[in-house]
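Each remark here refers to the structure printed beneath this line.
Read-outs: derived from the displayed coordinates by stated rules, not from any lab. Everything quoted here is computed from the prediction, not taken from an experiment. Cβ placement follows ideal geometry from the backbone for every residue including glycine, while neighbour counts extend to all protein chains displayed.
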Amino acid sequence: MKQFFIAMISGLLFGAGLAVSGMTDTNKVIGFLDLFGAWDISLLLVMIAGLCVTVPAYQLRKRLKKPFFSSEFSLPSMGSVDGKLLMGAALFGIGWGLYGYCPGPAVASLSYGNIDSVYFLVAMFVGMNVANKIS
């Protein structure tokens, strides 16, 4: 139950950060990707702010034997780059560029009651299920 509570608080904090920074607005993301038009630097500033939190936290993690709210760290293993990874990254990037959402902001935007977010998430889950059945 404690892990669920920590995950819920973390998700709400992440969603609030996306909303406050304007990253639930697809035009902000598309504006960031429009390098030769009306370029919007705000997504870059959000990324830099994220690194300002992540880098010190990662350094702290190296000094800890275990996390504060779990029995062990759950870190990704270093795997090889293969065709599935490259294809998935390309599809993610194309979808992100076309619509302006990735999963985090899409979920956070549900709080605005925008029906387009529901369509996006349904399509995302269908795509994930199809990908799981293919691979």
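Between helix 2-21 and the chain, what is the angle of the helix's C-alpha long axis to the longest principal axis, kept within 0 to 90° and rounded to the nearest 10?
With rounding to tens, the tilt is 40 degrees.
Have a look at SER21, ALA123, SER10 and report the one farthest towards the positive end of the charge dipole of the chain, computed about the Cα centre with Cβ charges (Lys/Arg +1, Asp/Glu -1).
My answer, from the dipole projection, is SER10.
Looking at PRO67, PRO56, ALA89, which one has the Cα that reaches farthest to the positive end of the dipole of the chain (charges on Cβ: Lys, Arg +1; Asp, Glu -1)?
Working it through, the farthest residue towards the positive pole turns out to be PRO67.
If one computes P(r) from the Cα atoms of the chain, what percent of pairs lie at distances over 22 Å? Working shown, then result.
Numbers: 4907 of 9045 pairs.
Every Cα pair in the chain considered, those over 22 Å come to 54 percent.
How high is the relative contact order of the stretch 1-118, in percent, with contacts defined as C-alpha pairs under 8 Å that are six or more residues apart?
The normalised contact order for the stretch 1-118 reaches 37 percent.
May I ask you to compute the full-extension gain from THR54 to VAL20, defined as 0.36 nm times their residue separation minus their alpha-carbon distance, rounded to one decimal in nm? Show your work: numbers first, answer last.
Values: separation 34, 0.36 × 34 = 12.24 nm, distance 1.86 nm.
Using 0.36 nm per residue and subtracting the Cα-Cα distance, I get 10.4 nm.
Mind checking the stretch 48-131 for chymotrypsin sites (Phe, Trp or Tyr not before Pro) that DSSP puts in a loop (not H, G, I, E or B) and that have at most 12 other Cβ atoms within 10 Å? Each step should come with its number before you reach the end.
On the way: sites: TYR58, PHE68, PHE69, PHE73, PHE92, TRP96, TYR99, TYR101, TYR112, TYR119, PHE120, PHE125; in loops: PHE68, PHE69, PHE73, TYR101.
Those satisfying the criteria are PHE68, PHE69, PHE73.
Under 5 Å between amide H atoms, partner at least 5 residues away or on a different chain: which partners does ASP40 have, H built in plane at 1.01 Å?
Residues meeting the amide H criterion: PHE32, ASP34.
How far, in nm, would the chain grow between LYS133 and ALA90 when pulled straight, counting 0.36 nm per residue and subtracting the alpha carbon separation? Write out the running numbers ahead of the final one.
Values: separation 43, 0.36 × 43 = 15.48 nm, distance 1.92 nm.
Once the chain is fully extended between LYS133 and ALA90, it gains 13.6 nm.
Report the gain in length on full extension from VAL126 to VAL81: 0.36 nm times residue separation, minus Cα-Cα distance, nm rounded to one decimal. Walk me through the numbers before you get to the answer.
Values: separation 45, 0.36 × 45 = 16.20 nm, distance 2.48 nm.
Taking VAL126 through VAL81 to full extension adds about 13.7 nm, to one decimal.
Between beta-carbons, use under 9 Å as the cut-off and find the net charge around ASP40, counting Lys and Arg +1, Asp and Glu -1. All intermediate terms of the calculation are to be shown ahead of the outcome.
Details: positive: LYS28; negative: ASP34.
It works out to a net charge of 0.
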